[in-house]
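Please read the structure below before turning to the comments.
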Amino acid sequence: MKELFATDVARSTQFVAEAPGVRCDFSRQRLGAMTLRLLANLAAERGLPEWRDALFAGKPINTSENRAAWHTALRAGDAAPAEVKETLQKIRSLSSSLRSGKKFKRVVNLGTGGSDLGPRLLADALGDNVLDVRFAANVDPHDLARALEGAEPAATLFIVVSKTFTTQETMANAAAARAWGGKHFYAVTSSVEAAKAFGAAEILPMWDWVGGRFSVWSAVGLAAACAMGFENFEEFLGGGREIDLHFLHSNIEKNVPALMALAGVWNTSFLGCTTHAVLPYSNALRLLPSYLQQLEMESNGKRVDRNGRAVDYATCPVLWGAEGTPSQHSFHQLLHQGTQVVPCDFIDIAADQILSANLRAQADALAFGSDDGQYPGNRPSSILYLEGMSPRSLGRLIALYEHKVFVQGIMWNLNSFDQPGVELGKIMAKKILSGGK
């Protein structure tokens, strides 16, 4: 990497791409212009333009389940389907009423996976404490007990989020909430009759064409709207829409999510890197690595391609990370001097000079090492610069990673929208609970 920068004085400006409110500096990746061009050719040979058009058209690109993956429609603004607009109006009405009313002092979201991680991230990053919004995802009773600490049953609203209304962890927590004395329940589900039978006073829809890990833009985000206000939730949707348009209309050489994907495929499938760290230098984004773990590893953590064949190349790396600067005093030792190379995404929201200086120093140290050889350098990273921490910025950021995952799935010839390994575990757990072996 030292040689790349020494021989190309324009590298620090040429290997940069911009999207609305985002600048991606990938100059510290271990690739040159020719490698990037060949990776772009590979994406084209895999049919990326056609798959991208199908994604936005709502065609059934989830081939194993014959479903669309149409999460972009959730943030399409005036172009959104009528059912999406109607649901947004219901989210507006319910969240505004809950935030301005005095009946409920606490809202507890009961969900798991995509029904928990997205709204939890938004509430933690952007919540304004007008309402006390909490989350319980684990079937371990201690999780729900923490969410209910200090609450009063009459002043607590539970939002039960489960597409089938049969998710084991979620329904166990819903039953425990009722046993605690909870009387007020809303539901976000596709199983309307089951939610009515449970006693949900309000029921919002979940659609087959939205996967759980892509659902934060939908009614699954009701708890987040309660925490941050609907106007901010709309701004979040608007940020996602800006990245959708950038991804749809930008050439691959200047397309930020596509470039993120190309660098990731190069690191994983060609350079042999088995893990990837996401390091947001922002306390507001401390839950982002957990959110991205599901988005990336549930989507592309697969060894069988779309045609049912076992692949003979590496696919999705293990994703992990934590907020900076605390992470510097935890695991950065391994990043700099460990025996394995870990590509990193650094995220800078320009909130604080000290944070930004530390981020830049870490990226440079990984790239260039030290002259005495103690720090080998040549360790790849990218930096995402955001325009501050706002609902729109967070919408842009999440949409970037969604489209990155999609592009990598196309390049690896994977269906990024099913999760057969998750379903296998559910089946086996039910068998064990029923007395089987």
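Provide a single number: the residues in region 239-275 that are open to solvent by less than 20 Å² (accessible area, probe 1.4 Å) and not in a helix (DSSP H, G or I).
2
Whether any residue in region 355-369 is basic (Lys, Arg) and either open to solvent by 20 Å² or more (accessible area, probe 1.4 Å) or more than 25 Å from Arg213 (Cβ to Cβ) (or both) is what I want to check. Let's see the steps before the verdict.
Taking region 355-369 and keeping what is basic (Lys, Arg), we get 360.
Among the residues that remain, those that are also either open to solvent by 20 Å² or more (accessible area, probe 1.4 Å) or more than 25 Å from Arg213 (Cβ to Cβ) (or both) are: 360.
Yes, region 355-369 contains at least one residue that is basic (Lys, Arg) and either open to solvent by 20 Å² or more (accessible area, probe 1.4 Å) or more than 25 Å from Arg213 (Cβ to Cβ) (or both).
Give the residues of region 334-350 that are part of a loop (DSSP other than H, G, I, E, B) and farther than 12 Å from Gly388 by Cβ, sorted by residue number.
The first filter runs over region 334-350 and keeps only residues part of a loop (DSSP other than H, G, I, E, B), leaving 338-343, 349-350.
Selection gives Gly338, Thr339, Gln340, Val341, Val342, Pro343.
Working carefully through the options Gly388, Gly421, Gly436, Gly425, find the one that is at positive phi and surrounded by fewer than 23 Cβ atoms within 10 Å (Cβ to Cβ).
Values: Gly421 fails: at positive phi; Gly436 fails: at positive phi; Gly425 fails: at positive phi.
After ruling out the rest, the residue left standing is Gly388.
So, restricting to strands (runs of 3 or more DSSP E) that lie completely within region 1-119, which ones have at least 1 residues that are under 30 Å from Glu149 (Cβ atoms)? Spell out the reasoning first.
Numbers: elements: 16-19, 22-25, 106-110.
Counting at least 1 such residues, we get 106-110.
Looking for something without any contact (Cβ under 8 Å) to a residue 40 or more places away in the chain and either over 25 Å from Tyr401 (Cβ atoms) or open to solvent by 10 Å² or more (accessible area, probe 1.4 Å) (or both) - is there at least one such residue anywhere in region 107-125?
No, there is no match, as no residue in region 107-125 is without any contact (Cβ under 8 Å) to a residue 40 or more places away in the chain and either over 25 Å from Tyr401 (Cβ atoms) or open to solvent by 10 Å² or more (accessible area, probe 1.4 Å) (or both).
Conditions tested, residue by residue: (1) more than 15 Å from Phe158 (Cβ to Cβ); (2) in contact with a strand residue (DSSP E or B) (Cβ under 8 Å, 6 or more places away or on another chain); (3) surrounded by fewer than 23 Cβ atoms within 10 Å (Cβ to Cβ); (4) modelled with pLDDT of 95 or more.
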residue	(1), (2), (3), (4)
Thr87	yes, yes, yes, yes
Arg92	yes, no, yes, yes
Leu98	no, yes, yes, yes
Gly127	yes, yes, yes, yes
Asn138	yes, no, yes, yes
Ala145	no, no, yes, yes
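Just to be sure, is Pro326 free of Cβ contacts under 8 Å to residues at least 24 places away in the same chain and farther than 29 Å from Ile252 by Cα?
On the way: free of Cβ contacts under 8 Å to residues at least 24 places away in the same chain: yes; farther than 29 Å from Ile252 by Cα: yes.
Considered against the rule, which asks whether it is free of Cβ contacts under 8 Å to residues at least 24 places away in the same chain and farther than 29 Å from Ile252 by Cα, Pro326 comes out as yes.
What is the number of the single condition among (1) surrounded by 14 or more Cβ atoms within 10 Å (Cβ to Cβ); (2) over 27 Å from the mean Cα position of the chain (by Cα); (3) in contact (Cβ under 8 Å) with a residue 60 or more places away in the chain that Ala40 does not meet?
Checking Ala40 against (1) surrounded by 14 or more Cβ atoms within 10 Å (Cβ to Cβ); (2) over 27 Å from the mean Cα position of the chain (by Cα); (3) in contact (Cβ under 8 Å) with a residue 60 or more places away in the chain, the one that fails is (2).
The values are calculated or read from the model by the stated rules, or taken from the named source; none is laboratory data. For clarity, every value in this text was computed on a predicted model and none was experimentally measured. Glycine gets a Cβ as well: all are built from the backbone with ideal geometry, and neighbour counts include every protein chain shown. Side chains included, ligands, DNA and RNA excluded: accessible areas come from the protein's heavy atoms. Shrake-Rupley method; radii C 1.70, N 1.55, O 1.52, S 1.80 Å.
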